[in-house]
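Please read the structure below before turning to the comments.
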Amino acid sequence: MRRLLILGTAAAALLMNSAAFAETTLNALFMSQAAYSEADIKAMTADFEKANPGVKVALEFVPYEALHDKIVAASGAGADGYDVVLFDVIWPAEFATRGFLTDVTDKIPADATAKIFDGAWTTVEYDGKRYGMPWILDTKYLFYNEDMLKQAGIANPPKTWAELATQAKAIKDKGIVQYPLVWSWSQAEAMICDFTTLTAANGGAFFEEGQPVFASGGARDALAYMKQTLDDGLTNPASREYLEEDVRRVFSNGEAAFALNWTYMNAMANDPAESKVAGKFKVTSAPGVDGKSVASGVNGSMGLGIPANSPHADEAWKYIAHLTDQSVQETYSKLSLPIWKASYDNPTVAEGQEDLITAAKQSIAVMYPRPLVPSYTEVSDILQKNLHKALLGEASVDEALTAAADRVKRIR
């Protein structure tokens, strides 16, 4: 009897070990700022695990600024790397060229193409192939403190960037707030997003026939505008050290009349626990420029992909399909709007954020890309350093842009 018991115990242990071995763990990398919150992603993941009992997901959250290098470093980790990664719209060219991401073109249902915004697909495409599913469909919107505008006798938000500066000056002159404008102009990718928005509004471009052209035209006008708002005392000078969360904090504290930021700020600035201006502000499309544009926007979208070295590609795709599912995105649409066209006519999605949905319908149509080149990380770094010098007054607008263009020519 004792021997049977021992055998039974051993068999049970063997079965337990087999079950543990059979369970798949996916390593997934996300960012810890803007768009979906960590709590949202954890909730989505818990639902996925419940529907797929043989799969567990180990989540890792890092600041956006660390995301790119984490993905690159993990590409050499073999099967110990990531199975699912969140990547920016600016990286597919590099990641595809270097073989970091799996081509999933054949995994995407044929009818999904027409149901998802064209701008969203550009997030995951390179050279005619798709390297993931779009997930975060985002651009920067203009948030404005409605109470401050009313105090200054302003009836409507600005339609152009020139009008924005005029309204900001009126608000400043009346002593309503010291610095009406706040931006994310730290020497980081956030500043490039603002610069791209203004470049698009001014009809500018980054490259033509493979050569940098951002030292003149609309791109020059964009940087000149940024610098002028600092010189005129309209932009909070601390903007030169701010990222998106700093912008949200300042605006939510009632310390700015206008702010350019991503979708997620709408819900957070409307949360009384997080904000002093809940119910006192509105959101609209980023302005345009007379004769050149009626609105402006940067493509700040992000996608979910499978690293080429993942040993669990099938399970990883199931997880990506869950996170990007229309019903899941609609459930968590307060911090990031869905990629699905039909979602924008869903009353549940629009409820409580009607002005954001109205702005999105216009802004998504004009989203402008940052340079889609394999060397983007280097190009962005060069632009960041030189634009920042101009904003700090260490170089003139022309000196900064010319230096950036000359340096970019040497790396391409």
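The values are calculated or read from the model by the stated rules, or taken from the named source; none is laboratory data. Since the structure is predicted, the reported quantities are computational estimates derived from the model, not experimental observations. Neighbour counts run over all protein chains shown; Cβ positions are idealised from the backbone, glycine included. With ligands, DNA and RNA removed, areas are computed over all heavy atoms of the protein, side chains included. Shrake-Rupley method; radii C 1.70, N 1.55, O 1.52, S 1.80 Å.
Each Lys and Arg Cβ is given +1 and each Asp and Glu Cβ -1; about its Cα centre, the stretch 330-412 then shows a dipole of about 440 debye. Tally the DSSP beta bridges in the chain and give the antiparallel ones as a percent, rounded to 5. Looking only at bridges with both residues in the chain, the antiparallel portion is about 60 percent. Once you have a ≥ b ≥ c as the square roots of the Cα gyration tensor eigenvalues for the stretch 311-373, tell me rounded if a/c is under 1.5, and otherwise prolate or oblate according to whether a/b is larger than b/c. Oblate, because a/c is 1.5 or more while a/b does not exceed b/c. For the stretch 141-156, backbone phi angles converted through the Karplus equation (6.51, -1.76, 1.60; θ = phi - 60°) give residue-by-residue couplings of 10, 8, 9, 9, 7, 4, 4, 5, 5, 5, 4, 8, x, 9, 7, 9 Hz, Gly and Pro being listed as x.
Segment D231..K169, full-extension length gain: 21.1 nm, with 0.36 nm per residue of separation and the alpha-carbon distance subtracted.
Here the accessible area of the chain is 52 percent carbon and sulfur, with a 1.4 angstrom probe and all protein chains present. Proximity of backbone amide H atoms, modeled 1.01 Å from N, is registered between V298 and K140, Y368 at under 5 Å, excluding neighbours fewer than 5 places apart on the same chain. Dividing the summed helix terms, -39500 (n - 2.57) for each DSSP H run of n ≥ 4, by the number of residues in the chain produces a 222 nm estimate of -13500 deg cm²/dmol to the nearest 500. The charge dipole of the chain, taken about the Cα centre with unit charges on the Cβ atoms of Lys, Arg (+1) and Asp, Glu (-1), comes to about 220 debye, rounded to the nearest 20. Couplings for the stretch 392-401, taken from phi via the Karplus curve 6.51 cos²θ - 1.76 cosθ + 1.60 with θ = phi - 60°, read 7, x, 8, 8, 6, 4, 5, 4, 5, 6 Hz in order; Gly and Pro are left as x.
Residues in the stretch 292-297 carry Karplus couplings, in order, of 10, 6, 9, 7, 8, x Hz; the curve used is 6.51 cos²θ - 1.76 cosθ + 1.60 with θ = phi - 60°, and Gly or Pro positions show x. Equivalent-ellipsoid semi-axes for the stretch 208-350 (Cα gyration tensor, √(5λ), whole Å, largest first): 32, 24, 16.
In this structure, the amide hydrogen of K56, modeled 1.01 Å from its nitrogen in the peptide plane, lies closer than 5 angstrom to those of T24, T25, L26, counting only residues at least 5 positions away or on a different chain. Label the stretch 277-338 by shape, choosing from rounded, prolate and oblate, from the square roots a ≥ b ≥ c of the eigenvalues of the Cα gyration tensor; if a/c is under 1.5 it is rounded, and otherwise prolate applies when a/b is larger than b/c, oblate when it is not. The shape class here is oblate.
Database remark: amide H of S32 closer than 5 angstrom to the amide H of V62, Y64 (H placed geometrically; neighbours at sequence offset of 5 or more, or on other chains; Pro and chain starts carry no H). Seen from a random direction on average, the alpha-carbon convex hull of the stretch 119-158 projects onto 4.1 square nanometres.
Among the listed values [x] 23.6; [y] 19.3; [z] 22.1, the one computed from these coordinates for mean projected area of the Cα convex hull in nm² is [x]. Among the GluC sites (Glu not before Pro) found in the stretch 328-369, those both in a DSSP coil and sparsely packed, with 15 or fewer other Cβ atoms within 10 Å of their Cβ, are E351. Of interest is the spacing of the C-alpha centroids, which for the stretch 351-400 and the stretch 98-152 amounts to 16 Å.
Computed with a 1.4 Å probe over protein heavy atoms only, the accessible surface of the chain comes to 42 Å² per residue.
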